[in-house]
Amino acid sequence: MISFLIISSVRNKNAKYVLEGEYANTIFKVDEVTGDVYAFERLDREKKSEYELTALIIDKITNQRMEAPSRFIIKVHDINDNVPIFVQKVFNGSVPEMSSIGTSVTKVTAVDADDPTVTGHATVIYQVIEGENYFTVDESGVISTATANLDREAQSTYKIVVKAKDSLGNTGREASTATVFITLLDINDNFPTFKKESFHFRVPENTPIKGEVGRLEVVDIDEPQNRNTTYNLVRGYYRDTFKIITIPSTNEGIIKPQKPLNYEEIKEYKFNVEATDPTVIPRYYKPGGNKSIATITIEVLDVDEPPVFTQPLYIFKVEENNPQKNNPIGTVSARDPDAANRAIRYIPRISSPPGNYIKISDKGVVFLNQALDRETSAWYNITIRAVELVDKNILSDKESQALIHIQVTDVNDNAPELTYPEEPRVCENAEPGQVVTRISATDKDEMLPGVFFKYSLDTEDSNFTLSDNHDNTANVTVKYGQFNRELAKTHFLTVMISDNGKPALTSTNTLAISICKCNERGEVTFCEASAKMVGVSIQALVAIFVCILTIIVITLLLFLRKRHKKDLNVLRNNVAEIHEQLVTYDEEGGGEMDTTSYDVSVLNSARKNTMKPPRLTLEPALSPYAQIQKPAENGHSGTGEMEIMIEVKKDEADNDGDLLPYDTLHIYGYEGAESIAESLSSLESGSSDSDTDYDFLNDWGPRFKMLAELYGSEPTIDFVY
């Protein structure tokens with residue numbers, strides 16, 4: 001119990017002391033008579049260091065104040081009753097391995113709740129009680145390294161315990177502890193070492209350049225970011241043959257060939273390789289050395305290889321327009337690199353421009369199949385194949401390719417050609433010496449610096465002349481002047497252009513110059529446009545002529561074919577129409593019982609008889625219709641009832657004014673081939689195919705002409721419908 005006294009000047013037996021304020025009559029109470037104040041609970045300064053109260057004196061009877069209130073503060077004095085407490089139970093820190101002594105790692109903090117103004121109550125002292133051989137802590141809580149040999153590869157993490165206490169430490173529970181985990185950060189302080197002392201690889205000889213032969217593995221105990229292994233061939237052996245590339249992600253070394261491997265030349269490679277790390281800090285070099293060495297053995301395996309050309313590109317020169325079929329233009333060569341040393345065959349594969357330009361002998365001699373034109377192409381590029389011959393005529397699938405470039409040298413085989421100026425014209429009143437136009441020429445041949453053209457006119461009586469400008473051009477000038485447009489509105493100049501080649505070539509060109517009307521200032525006021533005289537090559541003329549001739553021949557063939565069809569089908573195109581032109585008579589047919597007026601057996605017997613009947617003697621008569629005479633039954637002509645009937649019908653027709661003219665064809669109803677009644681004409685078979693020969697009807701005279709034609713004889717004239 002803690003007490004203190006309230007002093008007052010009031011001296012009255014009825015006076016009473018009273019406390020008011022926070023914690024009054026709870027923690028603090030006052031004696032009503034004496035005024036002593038008592039604390040009835042333990043006071044903790046760390047919870048509340050001050051209390052503010054009010055003291056009153058009142059009359060017990062009247063309960064009135066006998067004196068003014070008095071305010072006072074109760075302060076709690078500190079005692080060293082608290083130990084320092086760490087702000088967290090676990091701390092973490094890191095430091096690079098192999099750091100020097102005193103390198104800061106991390107900081108720990110502990111707090112003492114006692115009054116810091118009281119000496120020794122709140123002053124914290126730190127101490128490493130576990131791991132003190134490796135780390136220390138100062139008075140401010142900073143943890144530092146205590147040794148310089150902290151190796152991450154030996155131990156990567158450390159656990160230490162730090163104690164905190166105040167400076168007096170006399171309460172018996174004056175300390176607290178915290179755990180600190182320290183991680184060592186890796187540095188590049190270790191060199192790589194091969195996993196084994198020797199490596200053996202087997203690879204085929206056709207392994208491509210920069211392909212993978214094998215992989216070398218090393219061990220580097222540093223962390224991946226500090227692994228920077230490089231591989232080198234010791235003493236330069238086969239450095240031009242192999243190269244080792246490092247893979248950063250795995251730290252492996254890949255052996256890659258830098259040139260082709262050849263089993264026939266070297267069957268095995270053996271050399272040493274060293275592995276090192278150039279980024280290791282020199283002060284960490286170890287007594288064992290900073291390199292690791294391993295022996296590499298590479299065994300080359302034999303494979304069937306394609307032929308090998310002696311060179312990848314061949315360049316030949318030939319003169320244009322020279323076939324050289326019997327003279328070689330060059331030689332290509334390839335060999336079988338294998339021990340079998342098979343024969344080689346050469347085959348052209350692709351040509352640019354496309355074409356079959358060369359052939360190659362079995363020995364690689366190149367010949368031309370045709371003459372080459374430099375104006376078509378100055379270079380001919382041909383890809384050739386070299387293929388091994390397995391048997392006499394069997395080629396293997398192993399092949400290689402090479403290029404042939406044929407340069408075509410120029411010969412003077414093209415004459416220069418006139419480059420036509422645009423609409424050359426001259427005034428009809430032009431003065432002599434006036435320049436009309438400048439002409440130039442082009443040559444399809446190679447235009448070397450020494451090539452020049454010579455211009456001339458084929459006649460000297462022209463009103464124009466040419467003057468050489470000595471730069472492969474010439475000026476056309478007026479010679480006499482004063483042109484007459486009434487005589488000629490256009491003058492055609494024949495210009496001869498020659499080159500200085502060997503042999504020199506000359507071309508003939510026509511230049512059209514228009515004669516124009518001009519005013520006094522020489523300005524053209526009226527002029528007809530002249531047609532340019534453009535030359536056409538012989539090849540173009542031949543092509544045009546062949547096209548025209550082909551069109552004419554096709555037209556004639558179509559015309560003759562139509563005419564032939566017309567002649568053959570005059571009677572066949574419309575059988576019904578022909579049948580309908582037969583003249584009917586009022587005679588009963590041969591099938592009737594009454595056959596005395598007409599004996600059809602005579603005609604039937606004539607058809608079956610191989611001998612032609614004698615020619616009938618008929619009286620000439622002018623009639624548009626055929627006159628039919630019935631032959632006698634004995635086979636001789638006679639004047640029977642048929643003749644009388646025909647004459648009667650003829651007279652009736654001649655005297656009937658209502659009939660059509662004699663030359664009108666008679667059209668009769670025809671049932672058609674599809675009618676069940678069939679044709680009413682007994683002569684329908686005349687236009688049908690039959691094996692019977694009706695040529696004997698032609699011998700019966702003109703009266704039977706129509707009948708003979710209906711039964712298949714060739715008509716002498718066309719029917720007109």
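The values are calculated or read from the model by the stated rules, or taken from the named source; none is laboratory data. Note that the coordinates shown come from a computational prediction; the quantities given were computed from them, not determined experimentally. Note: ideal-geometry Cβ built from the backbone for every residue, glycine included; neighbour counts use all protein chains shown.
Taking the range 185-236 as the range and being of a type in the set (Lys, Arg) and buried (at least 19 other Cβ atoms within 10 Å of the Cβ) as the test, only Arg227 passes. The condition (being out of contact with any Lys or Arg (no Cβ under 8 Å at 6 or more places or on another chain) and farther than 30 Å from Arg152 by Cα) is satisfied by just one residue among Pro208, Pro257: Pro208. Are there any strands (runs of 3 or more DSSP E) wholly within the range 228-269 with 2 or more residues that are closer than 18 Å to Val300 by Cβ and in contact (Cβ under 8 Å) with a residue 24 or more places away in the chain, and if so which? Output list reads 242-247, 252-257. Filtering the range 410-423 to residues that are at pLDDT 90 or above and either in contact with a helix residue (DSSP H, G or I) (Cβ under 8 Å, 6 or more places away or on another chain) or in a loop (DSSP other than H, G, I, E, B) (or both) leaves Ala415, Pro416. Filtered by the rule that a residue be outside any loop (DSSP other than H, G, I, E, B), under 18 Å from Glu460 (Cα atoms) and not hydrophobic (A, V, I, L, M, F, W, C), the range 479-505 gives Thr490, His491, Thr494, Ser498. Count of the range 384-393 residues, restricted to those that are in contact with a strand residue (DSSP E or B) (Cβ under 6 Å, 6 or more places away or on another chain) and either exposed (fewer than 14 other Cβ atoms within 10 Å of the Cβ) or among the basic types (Lys, Arg) (or both), is 1.
For the range 335-362, the set of residues classified as under 11 Å from Glu305 (Cα atoms) and small (Gly, Ala, Ser) consists of Ala339, Ala340, listed by residue number.
Between Gly481, Gly501, the distinction of being under 26 Å from Gly450 (Cα atoms) and at pLDDT below 90 belongs to Gly501 only.
I need the full set of residues from the range 450-487 which are in contact with a strand residue (DSSP E or B) (Cβ under 7 Å, 6 or more places away or on another chain) and hydrophobic (A, V, I, L, M, F, W, C), in order please. Val451, Phe453, Leu457, Phe464, Leu466, Ala474, Val476, Val478, Phe483, listed by residue number.
Taking the criterion of being of a type outside the set (A, V, I, L, M, F, W, C), touching a residue at least 40 places away in the same chain (Cβ under 8 Å) and within 30 Å of Asn206 (Cβ to Cβ), the residues of the range 383-438 that qualify are Glu388, Ser396, Lys398, Glu399, Ser400, Gln401, His405.
Tell me which residues, restricted to the range 444-471, are more than 27 Å from Thr409 (Cα to Cα) and of a type in the set (D, E, K, R). Residues satisfying the conditions are Asp458, Glu460, Asp461, Asp468. Of all the residues in the range 448-469, those that are assigned to a loop (DSSP other than H, G, I, E, B) and either among the hydroxyl-bearing types (Ser, Thr, Tyr) or surrounded by 12 or more Cβ atoms within 10 Å (Cβ to Cβ) (or both) number 6. State which residue is surrounded by the most Cβ atoms within 10 Å (Cβ to Cβ) when the search covers only the range 363-376 and only residues that are at pLDDT 90 or above and of a type outside the set (A, V, I, L, M, F, W, C). Only one residue tops the list, namely Gly364. Would you be able to say whether some residue in the range 91-109 is farther than 30 Å from Arg152 by Cα and out of contact with any Asp or Glu (no Cβ under 8 Å at 6 or more places or on another chain)? Checked against the condition, which is being farther than 30 Å from Arg152 by Cα and out of contact with any Asp or Glu (no Cβ under 8 Å at 6 or more places or on another chain), the range 91-109 yields no hits at all. Residues in the range 131-168 that are surrounded by 15 or more Cβ atoms within 10 Å (Cβ to Cβ) and acidic (Asp, Glu): Asp166 alone. For Ala540, the stated conditions hold: it is in a helix (DSSP H, G or I), at pLDDT below 75 and not assigned by TED's automatic domain parsing to the domain that holds Leu707.
How many residues are among the charged types (D, E, K, R) and either touching a strand residue (DSSP E or B) at 6+ places or on another chain (Cβ under 6 Å) or in the same structural domain as Ala122 (by TED's automatic domain parsing) (or both) when one looks only at the range 40-77?
Matching residues across the range 40-77 total 7.
Go through the residues of the range 407-428 one by one and say whether even a single one is within 30 Å of Ile360 (Cα to Cα) and aliphatic (A, V, I, L, M).
For the range 407-428, residues within 30 Å of Ile360 (Cα to Cα) and aliphatic (A, V, I, L, M): present.
Quick one: would you say Ala512 is within 30 Å of Ala378 (Cα to Cα) and in a strand (DSSP E or B)?
Spelling it out, it is not the case that Ala512 is within 30 Å of Ala378 (Cα to Cα) and in a strand (DSSP E or B).
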